[in-house]
Every structure is written in structure tokens, then in C-alpha cells.
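Comments concern the structure below.
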Protein chains: 2
Amino acid sequence: MSELYIVGIGPGDRDDMTIRADRALGACDVIVGYGVYVDLVRDIYPGKEYLSTPMTREADRCRMAIELAREGKKVALVCSGDSGIYGMAGLVYEIRGEDKTPEVIVIPGLTAACSGAALLGAPLTHDFAVISLSDRLTPWETIEKRLECAAEGGFSIVLYNPASHGRPEHLKKACKILLKHIPGDRPCGVAEKIGREGEKRSFFTLKELSETDSVNMFCTVFIGNGATKMIGGGMVTPRGYRDV
Amino acid sequence: MSELYIVGIGPGDRDDMTIRADRALGACDVIVGYGVYVDLVRDIYPGKEYLSTPMTREADRCRMAIELAREGKKVALVCSGDSGIYGMAGLVYEIRGEDKTPEVIVIPGLTAACSGAALLGAPLTHDFAVISLSDRLTPWETIEKRLECAAEGGFSIVLYNPASHGRPEHLKKACKILLKHIPGDRPCGVAEKIGREGEKRSFFTLKELSETDSVNMFCTVFIGNGATKMIGGGMVTPRGYRDV
């Protein structure tokens, strides 16, 4: 029975991988992934065959991994963060279709909502919504609608892909929509290069966030809910315990 | 400088902990937590002092951990899943207040949204909302409003605490609200006792989910978005790649 491991490697540092993910990567013959993520693990697991495809060739990458597994190789397809949340697990299922070979084993990893929140304090102690601002695969109208609904529902909000070289204005546009529902003094946080060299956290009000140019493609953005506040240097969303 | 580690231990199996979490627990003197979670790690790290408080005494638990750290002990406060997402990190910040002692180090862990999704397939490959159905600390009206907004926004939805001994009807009430916006044939999945003995996954339509009595307090519930489908035995939310 051939097996294909879809491995979430977390934010970047080996220490933030799960023991299961570390063991799967150590045991495989071939590691397939996007160039940047393959480079994050290349030095940790020497002696493997490493294969990558460029940014927009995700389906080719999954096909390659499936084919190699069918040929009998032990293959791991690596994803940054989690393997499911905006990761490659879905695409592998789609491409494999109803053929049950290879067996697909999804090994989860720390997504930026978890690792970024830990860096900032505890902004996600209550209900939250995760929204990607990338419109490469999603119409911008859908993204706008979700921002509206998340704000109206009083969720804490996590924004993935808040900016990129091709889309520098997305975060500003998103903040403009959120400011229709959320006061400008709402606490926000930005986690940058989590667990990697250059890791950084910064805090803003929503108004300030709507005006800053400091948010780039290495950032994950957190917008608090109505109860979120800065406490002891961290961004904290109380859960509502009454005996504090 | 005294330090307090708030450690997310993931769903339950040591293999699903991060290397960082495993190392922190191995290095500490005292492990504090809710009884069930303390029992999950007690055999893995022998020779530690273990302390716990009952279910509704979360604030006491955090105070105990803070005090022990101030006395110079190396203390880890363990949380199931992630340490931030519905975890104790927020409460520790609240109780510590503006005093910066001890230093609080939040070590994230796999939350059930990640680990449960991996068990079911890939239901969270696109934007999603996480909602707890527990009304112990949140008015039920707030929960209803969030369910409405999440459904209207077309999010995949993850429900934490879908049922408990005291609240068996919460999931049925939630499904009734969702069914006002979402067709009854929408694919749903339930992940039970993830990573522990008795681990189980099951799939439903939203209509079936609204009628089942099989969901208990050890379950996490996943409701697909408009594109979610069953593929090759897994629940999959396509991201929208066009060259599949």
C-alpha cells in the first residue's frame, strides 16, 4: 500500500513542528513542496530527494507527489503552517479523486492563527474567523462579504495573505470595510516571520492598521473583538471568566 | 527572571505535540492543569509535581501557576489543543495584569480545527469560522448571532463544545439556525477523541447532523462551505485551483 504524507511544518522553526511531522519527514525518501518551504527543511533532513514547483504550479506539485508515491517512493508533500488550512491536502484529494491509491495521510501543523496568536499574546481566546485576502483564487466580492459578516458577528478576525507584491492595497481595502462596523480604536496585532529570523510583532489600532504600509506578505494580521484589550504587553481577548 | 510556560499539548497523543512543547514539559518542575489534561501527560513526564483544579476553577488554576512561578519554580500550565484558542493564555494575562513577573511564554499547540480537519480530510482549505457552543461564559444570543453571520458569509464552520452533559440540545439548536441559510445536503463531519483511544470520524449531511444524538463532548464538528464535497472518502473544501 503506497502512502503519501501531507505534512504541515508549522511556521518555520523545527521546534514548532510536531513530533509526528518531524518523524514523517525523517522517514521519507522524497520531499516535495514550494521552493521556500523546501528550503526551510532541506538542511534538517539531509540525504533526501528534494523536488519543487513554482508558486502557481500547485496542481503540478500535487500530481508529482501522487505519482512518486504510486511508484513506491515514500513521499512527503510539505506545506507551511498547517497542511489543511489553505494547504495542499485539499488539492491532493481533488487530484487523486476516487482512486484510493496512494493512501493520503494528513499530518497537521501549527497554522499562523495559532503561532501568530501565541507571539502576540492571546487574541483568539474566543470565537474567530479566518479570512485570506488573496484574490488569486477567490473573487474579491466574496472576500468583502466575509469581512462584513465576520465584523457583524463580533468575531476576532485573522487575515492571511494580507499583502503581496502584486496586491499591496488589499489590507487597506479590508480595513475600510471593517471600519464600517468596528470602532477605529479596536486593538489589532501583526505577527511577522513567525518562528523565523526577523520574527517581529507589532500592535496597532484598526485606524492605524488601515494607514500603515508596514504589513507585507510575511505577516498575519489579528483584529480583536469588542472585548479585546492590551494587557501586560500582550493583545488579549478575554473569554469571559467572572472570577478574574 | 521567572518564567511561566502556557503549553498547548494538542489533541492528546505525545506525537501531536510540538518539539518545543515536549521540551518545555520535560524541563519544568511543576505541571498545572485541568485533571483530564494533566492525566494525559502524567505518564510521559514522570518525576514532576502535578497540580490540578476542577473544571470551573480556571482562574484558581492560573493564579496557582503564576504564584508558583513567582516562587522560582519552573512551571508549565497545560491546555488541551492550543494554549491560546479557548485556552488559558488569555486568563493568565488577565490575572497577571500589568505586572511583568513572571514572564509569560505561550507555546502553541494543534487546536481541534487543525487536528480534526486532518482526520476528516481537508474541510478547511478555505476561509472558516470557529464558534464554541458552550454558553457557560457566552450568552446564547451571541452564539446564535455568530452562527447566522458565519452561515451568511459562506464560511466553513468549526463548532467546539458541541454538546456536554448539561447541554445536550445545543448542536440541534445550532443546526436549526444554520439550516435557515444552508441547504440540508451540505457535507458535515465529526471528529471524536482525536489522537486518543477511541478516535473516530463520521460524516453527515447538515440535515442528518441536526437529527443525530451521536455527538458528545469529545467531538468537534465541521460544516462545509458551498463548495465542500466528499472526495475519495474525505470531506474536502476546494480552494479553487483551476488546473485540477
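A few comments on the model shown:
- Scanning the stretch A:116-133 for residues that are open to solvent by 10 Å² or more (accessible area, probe 1.4 Å) and either within 7 Å of another protein chain (Cβ to nearest Cβ) or in contact with a Gly (Cβ under 8 Å, 6 or more places away or on another chain) (or both) returns A:A118, A:H126.
- Out of B:R63, B:R96, sole residue that is open to solvent by 10 Å² or more (accessible area, probe 1.4 Å) and either more than 7 Å from every other protein chain (Cβ to nearest Cβ) or closer than 20 Å to A:S80 by Cα (or both): B:R63
- Output for the stretch A:30-42, where each listed residue is open to solvent by 10 Å² or more (accessible area, probe 1.4 Å) and either part of a helix (DSSP H, G or I) or under 22 Å from B:T111 (Cβ atoms) (or both): A:G35, A:V36, A:Y37, A:D39, A:L40, A:R42
- Odd one out for A:V7, checked against (1) open to solvent by less than 10 Å² (accessible area, probe 1.4 Å); (2) assigned to a loop (DSSP other than H, G, I, E, B): (2)
- Check on B:C175, more than 10 Å from every other protein chain (Cβ to nearest Cβ), open to solvent by less than 10 Å² (accessible area, probe 1.4 Å) and either modelled with pLDDT under 95 or more than 19 Å from the chain's Cα centre (by Cα) (or both): yes
- Some residue of the stretch A:22-29 being in contact with a strand residue (DSSP E or B) (Cβ under 8 Å, 6 or more places away or on another chain) and in a helix (DSSP H, G or I): yes
- Residue in the stretch B:107-114 that is crowded, with 22+ Cβ neighbours inside 10 Å and more than 19 Å from the chain's Cα centre (by Cα) present: no
- Per the listing B:V215, B:V190, the residue uniquely open to solvent by less than 50 Å² (accessible area, probe 1.4 Å), touching a Pro at 6+ places or on another chain (Cβ under 7 Å) and of a type outside the set (K, R) is B:V215.
- Qualifying position, being of a type in the set (F, W, Y), within 14 Å of chain B (Cβ to nearest Cβ) and either within 22 Å of B:H126 (Cα to Cα) or in contact with a Cys (Cβ under 9 Å, 6 or more places away or on another chain) (or both), among A:Y37, A:Y5: A:Y5
- Filter result for A:V75 (open to solvent by less than 10 Å² (accessible area, probe 1.4 Å) and modelled with pLDDT under 95): no
- When the stretch B:183-232 is filtered for residues that are within 24 Å of A:P102 (Cβ to Cβ) and among the acidic types (D, E), only B:E199 remains.
- Considering the stretch A:143-154, the residues that are closer than 24 Å to A:F218 by Cβ and within 7 Å of chain B (Cβ to nearest Cβ) include one that is surrounded by the fewest Cβ atoms within 10 Å (Cβ to Cβ), namely A:R146.
- Within the stretch B:199-220, the presence of at least one residue that is in a strand (DSSP E or B), away from chain A (no Cβ under 14 Å) and out of contact with any Gly (no Cβ under 9 Å at 6 or more places or on another chain) is confirmed.
- Residue count for the stretch A:10-21, restricted to those that are more than 19 Å from A:G90 (Cα to Cα), open to solvent by less than 30 Å² (accessible area, probe 1.4 Å) and facing chain B (nearest Cβ under 10 Å): 4
- Looking at A:D127, A:D135, just one residue is assigned by TED's automatic domain parsing to the domain that holds A:C188, under 28 Å from A:C188 (Cβ atoms) and out of contact with any His (no Cβ under 8 Å at 6 or more places or on another chain), and that residue is A:D127.
The values are calculated or read from the model by the stated rules, or taken from the named source; none is laboratory data. Since the model is a prediction, treat every value here as computed from it, not as a measurement. Positions of Cβ are generated from backbone atoms using ideal geometry, with glycine treated the same way; all protein chains shown enter the neighbour counts. Heavy atoms of the whole protein, side chains included, go into the accessibility calculation; ligands, DNA and RNA do not. Shrake-Rupley method; radii C 1.70, N 1.55, O 1.52, S 1.80 Å.
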